[in-house]
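The values are calculated or read from the model by the stated rules, or taken from the named source; none is laboratory data. Being a predicted model, the structure only gives us computed values, none of them experimental. Ideal geometry is used to build each Cβ from the backbone, glycine not excepted, and the neighbour counts take in all protein chains shown. Areas reflect the complete protein model, heavy atoms only, side chains present, ligands, DNA and RNA absent. Shrake-Rupley method; radii C 1.70, N 1.55, O 1.52, S 1.80 Å.
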Amino acid sequence: MPPAPPDINPSRQVERIREILVGRQMDSVERRLERLEANLRPMPTQAPDDVFEIRLANYEQRHDLKLQELRDEIDAEKARRVEETHRLAGQIQAAARGREASGLEAQAELEQRVTRWLESWNQGFRQYLQQRETHLISEMRSELEQTKAWVNSRLESTDDARVSRMQASFAQLAEAARAIADAAAQHATPSGGIR
């Protein structure tokens, strides 16, 4: 028979077995716990309100940066538009000066054209008046010659005393008509118009 085991209290034996099992497992648990603690990042020590304030401050900084960038872009755009406005104003002034100069040139050219037209019209009108005057004088002389011929023919058929008086009257009439025609011719201007 096997030797009898020493007299050990069964509860003590259970305790011992538990120590052996638990001790081995405790070592394993402690090692795992140490590895986990080493791998863990340090946890924030601030309170949740502090974390929110920090995040809010970061957000405000980013917002301020974006706002400043936007202001800088707006200022650059304003400067570009002011520069463009000045450039366009210069172009408009140059165009206005060009138009003014071309307007003065056009006005001078128009005045020259109107002056030439008026001189041409005046010369044509003088020629017309000269021709009309010459025609009227010619017509008057023709009428006088015809009247003289008619009177002479009538005088031949009438008696001598009456004829002499009529001849004298018609001669005076013819002389007056000739004087009128000569006076009209003498009052004509050298260019053909009437003075």
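Worth pointing out:
- Which numbered condition I137 fails, given (1) of a type in the set (V, I, T); (2) open to solvent by 80 Å² or more (accessible area, probe 1.4 Å); (3) touching a residue at least 40 places away in the same chain (Cβ under 8 Å): (2)
- Residue satisfying all of: in segment 89-123; open to solvent by 80 Å² or more (accessible area, probe 1.4 Å) and among the aliphatic types (A, V, I, L, M); farthest from A177 (Cα to Cα) among these: I92
- Selection status of R154, modelled with pLDDT under 80 and open to solvent by 100 Å² or more (accessible area, probe 1.4 Å): yes
- Within segment 1-38, considering residues that are of a type in the set (S, T, N, Q), in a helix (DSSP H, G or I) and open to solvent by less than 100 Å² (accessible area, probe 1.4 Å), the one modelled with the lowest pLDDT: S11
- Single residue of E143, E100 found to be charged (D, E, K, R) and more than 30 Å from Q172 (Cα to Cα): E100
- Lone qualifier among R41, R126, R80 - being in contact with a Ser or Thr (Cβ under 9 Å, 6 or more places away or on another chain) and either open to solvent by 100 Å² or more (accessible area, probe 1.4 Å) or at pLDDT 80 or above (or both): R126
- Hey, Q146 surrounded by 10 or more Cβ atoms within 10 Å (Cβ to Cβ) and either in contact (Cβ under 8 Å) with a residue 12 or more places away in the chain or touching a strand residue (DSSP E or B) at 6+ places or on another chain (Cβ under 7 Å) (or both) or not: no
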